[in-house]
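Trainee: The structure's right below; bear with me while I get my questions together.
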Amino acid sequence: MKLINIALKIFQYSICSLIVLIIRVLSIFYIIKFDCSYSSRIGHFAGILSLYLSEKHIKNLNKKSLFQFFIHEISISNQHLEALLSRKIFFLPSFFYPILIINRWIPGSTKYLINHRNDYFDKRRVFEHRDVNNLLDTTPVPVKFTNEEITSVEAKIKEFGISNNDKIIILNIRDENYLKIKFPSKNWTYKKNNADIKTFKKTVEYLLDHGYKVVRTGLEHLDTLEIKNKNYIDLFKENIRTDLIENYLTSKCIFAIGSNSGGTVPAHFLFRKPIIYTNYTPLNEMHLSSNKIFIILKKIYNKKQKKNITTTEYFDLLNTNIGPKLFNAIGDDRYKPYKRFKNPFYDYKAEDFELIDNTEDEIFEVVLEALKEYELFNFKRTNINIENNKFRNVFLTNLERYPTQKKFHSETINAKISQKFLQANKNFLL
């Protein structure tokens, strides 16, 4: 068996080496570029390629002399999502992944990569699908369902009581179980963006009482909501989930309620739906360019000073040795001690802080605010309340203090932090 595997690997690399050679020769006459699709993680898969299609739409990159393709990783997180994207993007299966490896071995490799950027932080900005140009609000939905898919899925959802006239709200709440099941060999204990589904019960029951149908999406839930109502549907728990059903219902929803996780990305990035982010951390990595984003954050309690930290202190804490790990922030040089001013947290330890999840009332209030935006303005209102103006000013001021982080944000902040949340937690305005 071992010899067979070695022989197959030699064959695979030989084929891919030949393809790299052909690409290099043809590139004398045509522009040929390729990259990884990041298909194994739905957040990167949907986020990176959604922005890629939006940029292509803006730049009108449909020239005959240009050919671009993406290569899948071993696993594909959502098969139907791949089908949707493949109508606009040419994919190669994971067998051809060594093309990326072999290309790196040869000088001049970067000119063939779609998402290569000379600056490290520019590359990270692409990988983290940071919508710094607000493409999600200014370009159309990049994918379409076929007539056959629509006919098929509408017949299926009719069986469990959903029609096209229903007001659907998606619930996609991250817990620790999905990554444990899908990637059991990795340690995911560092993740800080999980949320307790039970804190959403009050909100879900309110929505059900007011004529909405709430659909929980996602896979491998650790916990479930015990709600006996035909208009609350947990696709995974009820064993009726398919990739097609989940994507279609997401594309039809009024908005999605989620946490900071990959499962919420398709709703906003691919289908351009409003999204309510709850339990967000870390603060400075929020997606803030879109007018369709509502946010409440986890609070950080300073045990020494016996108070929650401010937004300015949040930035300072991130730029210490303990900060990135404490918040599950990216561990690179965007977070490094600045010598221009004294950081108040250099002598602190991780155990000096506590992350506090959002309460059921905080979640309830931000959803009510989003509902009001939908029912009165259909999410098209642009005027901003006093609290959000203050938050924007303090956030932008801190980006000036830590300028490397400016690369990951748009020049203007269009997202909305819950007004009630800011009124109750004035530390975020300092």
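Trainee: Identify the single condition in (1) aromatic (Phe, Trp, Tyr); (2) assigned to a strand (DSSP E or B); (3) open to solvent by 10 Å² or more (accessible area, probe 1.4 Å) that Phe236 does not satisfy, given that it satisfies every other one.
Mentor: (2)
Trainee: Does any residue in the stretch 42-62 that is within 13 Å of Thr264 (Cβ to Cβ) come within less than 7 Å, Cβ to Cβ, of a residue that is of a type in the set (Val, Ile, Thr) and in a helix (DSSP H, G or I) six or more places away or on a different chain, and which pairs are these?
Mentor: Taking only residues 6 or more apart or on different chains, the pairs are Ile42/Val265; Gly43/Val265; Ala46/Val265; Gly47/Val265.
For every residue, the table says whether it meets (1) of a type in the set (S, T, N, Q); (2) closer than 23 Å to Asn388 by Cβ; (3) in contact with a Ser or Thr (Cβ under 8 Å, 6 or more places away or on another chain).
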position: Ile257; (1), (2), (3): no, yes, yes
position: Thr278; (1), (2), (3): yes, yes, yes
position: Lys304; (1), (2), (3): no, no, no
position: Ile309; (1), (2), (3): no, yes, no
position: Glu313; (1), (2), (3): no, yes, no
position: Asn319; (1), (2), (3): yes, no, no
position: Lys325; (1), (2), (3): no, no, no
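Trainee: Also: Any idea which of Leu225, Leu244, Leu249, Leu208 is among the hydrophobic types (A, V, I, L, M, F, W, C), assigned to a helix (DSSP H, G or I) and without any contact (Cβ under 8 Å) to a residue 40 or more places away in the chain?
Mentor: On the way: Leu225 fails: assigned to a helix (DSSP H, G or I); Leu244 fails: without any contact (Cβ under 8 Å) to a residue 40 or more places away in the chain; Leu249 fails: without any contact (Cβ under 8 Å) to a residue 40 or more places away in the chain.
Just a single option satisfies the conditions, and that option is Leu208.
Trainee: Failed condition for Glu360, given (1) closer than 30 Å to Arg117 by Cα; (2) modelled with pLDDT of 90 or more; (3) not β-branched (Val, Ile, Thr), with all others met?
Mentor: Unmet for Glu360, out of (1) closer than 30 Å to Arg117 by Cα; (2) modelled with pLDDT of 90 or more; (3) not β-branched (Val, Ile, Thr): (1).
Trainee: Let me confirm something: among Lys380, Lys406, which residue is assigned to a helix (DSSP H, G or I) and at pLDDT below 90?
Mentor: Numbers: Lys380 fails: assigned to a helix (DSSP H, G or I).
Every option except Lys406 fails the conditions.
Trainee: Of everything in the stretch 139-153, what is touching a Ser or Thr at 6+ places or on another chain (Cβ under 8 Å) and not hydrophobic (A, V, I, L, M, F, W, C)? Give them in sequence order.
Mentor: Matches in the stretch 139-153: Thr139, Pro142.
Trainee: Which of the residues spanning the stretch 353-372 are more than 15 Å from Asn194 (Cα to Cα) and buried (at least 16 other Cβ atoms within 10 Å of the Cβ)?
Mentor: Across the stretch 353-372, the qualifying residues are Phe353, Glu362, Phe364, Glu365, Val366, Val367, Glu369, Ala370, Leu371.
Trainee: Next question. Wholly within the stretch 106-159, which helices (runs of 4 or more DSSP H) include no fewer than the required count, namely at least 1 residues that are closer than 30 Å to Ser289 by Cα, open to solvent by 30 Å² or more (accessible area, probe 1.4 Å) and not aromatic (Phe, Trp, Tyr)?
Mentor: Values: elements: 120-127, 135-138, 147-159.
Counting at least 1 such residues, we get 120-127, 135-138.
Trainee: Checking Lys88 against (1) assigned to a loop (DSSP other than H, G, I, E, B); (2) more than 23 Å from Phe145 (Cβ to Cβ), which single condition isn't satisfied?
Mentor: Failed condition: (2).
Trainee: Go through (1) over 19 Å from Val141 (Cα atoms); (2) open to solvent by 10 Å² or more (accessible area, probe 1.4 Å) for Gly262 and report which single condition fails.
Mentor: It fails just one condition, (1).
Trainee: Here is a follow-up. In the stretch 3-50, which residues are in a loop (DSSP other than H, G, I, E, B), open to solvent by 50 Å² or more (accessible area, probe 1.4 Å) and farther than 21 Å from Leu136 by Cβ? So that I can check it myself, show each step before the final result.
Mentor: First, the residues of the stretch 3-50 that are in a loop (DSSP other than H, G, I, E, B): 27-30, 37-41.
When the remaining residues are screened for being open to solvent by 50 Å² or more (accessible area, probe 1.4 Å), the result is 28-30, 38, 41.
Answer for the stretch 3-50, where residues must be in a loop (DSSP other than H, G, I, E, B), open to solvent by 50 Å² or more (accessible area, probe 1.4 Å) and farther than 21 Å from Leu136 by Cβ: Ile28, Phe29, Tyr30.
Trainee: Quick one: which of Arg124, Arg130, Arg104 is free of Cβ contacts under 8 Å to residues at least 24 places away in the same chain and among the basic types (Lys, Arg)?
Mentor: Working: Arg124 fails: free of Cβ contacts under 8 Å to residues at least 24 places away in the same chain; Arg130 fails: free of Cβ contacts under 8 Å to residues at least 24 places away in the same chain.
On inspection, the qualifying residue turns out to be Arg104.
Trainee: Would you mind stating whether Thr203 is touching a residue at least 40 places away in the same chain (Cβ under 8 Å), touching a helix residue (DSSP H, G or I) at 6+ places or on another chain (Cβ under 9 Å) and polar (S, T, N, Q)? It would help to see each step written out before you state the result.
Mentor: Values: touching a residue at least 40 places away in the same chain (Cβ under 8 Å): yes; touching a helix residue (DSSP H, G or I) at 6+ places or on another chain (Cβ under 9 Å): yes; polar (S, T, N, Q): yes.
Yes: the conditions hold for Thr203.
Trainee: Would you please name the residue that is most open to solvent (accessible area, probe 1.4 Å), looking only at residues in the stretch 59-76 that are part of a loop (DSSP other than H, G, I, E, B) and at pLDDT below 90?
Mentor: Initial filter on the stretch 59-76 (part of a loop (DSSP other than H, G, I, E, B)): 60-65, 72-76.
Narrowing the set further to residues that are at pLDDT below 90 leaves 60-65.
Numbers: Asn60: 103, Leu61: 51, Asn62: 112, Lys63: 126, Lys64: 199, Ser65: 50 Å².
Residue satisfying both the conditions and the ranking: Lys64.
The values are calculated or read from the model by the stated rules, or taken from the named source; none is laboratory data. This is a predicted model, so every value here is computed, not measured. Here the Cβ is made from the backbone with ideal geometry for all residues, glycine too, and neighbour counts use every protein chain on show. Please note that ligands, DNA and RNA were not included when accessible areas were found on the heavy atoms of the full protein model with its side chains. Shrake-Rupley method; radii C 1.70, N 1.55, O 1.52, S 1.80 Å.
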